[in-house]
1. Given labels modelled 7 Å from the Cα in the Cβ direction, how far is it in nm from Trp92 to Gln67?
2. Is the C-alpha gyration tensor of the stretch 2-102 telling us rounded, prolate or oblate? Criteria: a/c under 1.5 is rounded; beyond that, a/b larger than b/c is prolate, otherwise oblate.
3. Just going by the charge dipole of the chain, with Lys and Arg at +1 and Asp and Glu at -1 on Cβ, which of Pro47, Ser89, Gly24 is farthest out on the positive end?
4. Treat every Asp and Glu Cβ in the chain as -1 and every Lys and Arg Cβ as +1, leave all other atoms uncharged, and give the resulting dipole magnitude about the Cα centre to the nearest 20 debye.
Amino acid sequence: MEDQIIADLQDTEIRRQGLSLSGGDPLHPQNLPAIAQLLKRVASECPGKDVWLWTGYCLDELSVEQQQVVTMINVLIDGKFVEALRDPSLVWRGSSNQVIHYLR
């Protein structure tokens, strides 16, 4: 799967600005090794591609390992989706408690 993601990002026939990581929480501790490996490949093999990541964790509560992954992305949208705070008018997030962090 990782090879396919890299190939898709490098495909010049399709304009891809970057990679979006969401669902199944990319920052869940069990996902960190695979996400970190993928992000290292994206950085080295697909320079200039933005990486956006959605997580239910809040930025100020991240573990050291999660923070290391965050250093490899451009935009973090943090906070759990809360149905009671759902707002379809929001850009890039589903509920008003979620925060967009432009990191680099």
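Values quoted throughout were computed directly from the atomic coordinates according to the rules given, and no laboratory measurement underlies them. Keep in mind it's a predicted model, so treat the numbers as computed, not measured. Reconstructed Cβ throughout: ideal geometry from the backbone, glycine too, with neighbour counts over all protein chains shown.
1. Those two pseudo-labels are separated by 2.2 nm.
2. In terms of gyration-tensor shape, oblate.
3. Positive-end residue among those listed: Ser89.
4. 200 debye
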